[in-house]
1. Decide, for the range 273-329, between rounded, prolate and oblate: order the square roots of the alpha carbon gyration tensor eigenvalues as a ≥ b ≥ c, take rounded if a/c falls under 1.5, and otherwise choose prolate if a/b is larger than b/c, else oblate.
2. Run the simple label-point estimate for Thr374 and Tyr228 please: 7 Å along Cα→C-beta, distance reported in nm.
3. Which distance in nm do the two modelled labels at Leu75 and Glu339 give, with both placed 7 Å along the Cα-to-Cβ direction?
4. In debye, nearest 20: dipole of the chain around its Cα centre with unit charges on the Cβ of K, R (+) and D, E (-)?
5. Give me the net charge of Glu199's neighbourhood, meaning all other residues with Cβ under 14 Å from the Cβ of Glu199; Lys, Arg count +1, Asp, Glu -1.
6. Does anything in the range 224-263 have its amide N under 14 Å from the 7 Å Cα→Cβ label point of Arg321, and if so which residues?
7. Taking the Cα centre as origin and putting +1 on Lys and Arg beta-carbons and -1 on Asp and Glu beta-carbons, what dipole magnitude results for the range 128-233, to the nearest 20 debye?
8. At most 14 other Cβ atoms within 10 Å plus a DSSP loop assignment makes a site exposed; report the longest stretch of the chain without any exposed chymotrypsin sites (Phe, Trp or Tyr not before Pro).
Amino acid sequence: MKPYREMTAEELTAEITELKAQYKKMQSLGMQLNMSRGVPCQEQLDLSMGMMDVLDSSSDLTCEDGTDCRNYGQLTGIEEARELLGDMMENNPKDIIIYGNSSLNVMFDTVARVWNHGVMGNTPWCKLPEVKFLCPVPGYDRHFAITEYFGIKMIPVPMTATGPDMDIVENLVREDDAIKGIWCVPKYSNPQGISYDDETVRRFARLEPAAPDFRIFWDNAYGMHHLYDHHQDHLIEILAECKRAGNPDLVYKFASTSKITFPGSGIAAIATSPNNMVDFLTNLRIQTIGHDKVNQLRHVRFFKNIHGMVEHMRKHAEIIRPKFETVEAILEKNLAGLEIGTWTCPLGGYFIMFDSLPGCAKDIVARAKKAGVTMTPAGATWPYGQDPQDSNIRIAPTYPCLADLTNAMEIFSLCVRISSAKKLLSQMQQ
């Protein structure tokens, strides 16, 4: 297809007329599809229904060490769950605390704790004149919502194909002791679906922050979420790399089973250094006597070991892989050669990132919604919801069935073409 920038005003006008007619036909489908979040579909949730049967009223709810999961105790989680998530996270079980169902909740609690009580004896952040956080962009909107909630100043750092721009990260943390942390989704990132390369991870481990209480918030949400068996991204384990670099306390590493079993009833965990563990547990002992050990045991009995979890994730991949491939195929069919957008083709995770022409993202998302397809709000992938280029859009393909997803992406493609053609025509007429 001829690039839109090479079209004359007359050609663009004719193109817009034709596209609007197609758009009107798609509107007549009466779609009501919400693709705003990365939500597992029903078929994925059904994969874990067997977990409801591994425990019943006749089950032995005693752990191997004699812990009765019905009672109080085990602040750091039952040993079997620490071992299972230790294998999942590639960390020593002794360096892991098992929490409730949500890693986002653990991240919020972590920021709240250091806000009120500081990091390992340092001044609580709430008593400082200013606290700053680095935010790789595009990034995860819920991360940004946490730091915004606490009034922490967010500093965007550009993402590259191999992770955050580490030249910028290194310089900023070295020069400014008000910078206390950085958000990271290091594997199959949200929204790009890229993974940090080896050099990026090693440079993170060797950061020299001016602030002694600087921490990397390493949200490895998609560590096991591959789409393909033999074509996968691999990530260096950050805690081991920090220990080798002489920076053992630099990282808080988060994960959960939210998109492995049931998002509302999974188990979350943090892995960190022994020193950080002491700091966490000092406060956690006040907060709770222990999290839901019955649910922890349920997960252990269901998976048995990491091999069971790996096989389980292959079943997830079989369900969602065709959806990712459908999105990529439709974008390629409808937009390739027009030079009005680019998109990622990730090997895992939950999202595909689309970049439109500058100034078009909000219009594209609004047009899609008028045709019955609700997407993540344009700008959500930037701190404060402000994408300076108005170009970034997150596509979440997991929830719809293939038929609905196909129609949704046809609508999306039309919206991209209409918005782009109108933008270019407007520029010609100025």
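1. In terms of gyration-tensor shape, prolate.
2. Computed distance between label sites Thr374 and Tyr228 equals 3.4 nm.
3. Between Leu75 and Glu339, the simple spin-label model gives 6.3 nm.
4. For the chain, the charge dipole is close to 1040 debye.
5. -3
6. Counting only backbone N, you get 225-233.
7. With only Lys, Arg, Asp and Glu charged at Cβ, the dipole is about 220 debye.
8. 229-430
The values are calculated or read from the model by the stated rules, or taken from the named source; none is laboratory data. Everything numeric here is computed off the predicted structure, so don't read it as measured data. Neighbour counts run over all protein chains shown; Cβ positions are idealised from the backbone, glycine included. The accessibility values were calculated without ligands, DNA or RNA, using every heavy atom of the protein model including side chains. Shrake-Rupley method; radii C 1.70, N 1.55, O 1.52, S 1.80 Å.
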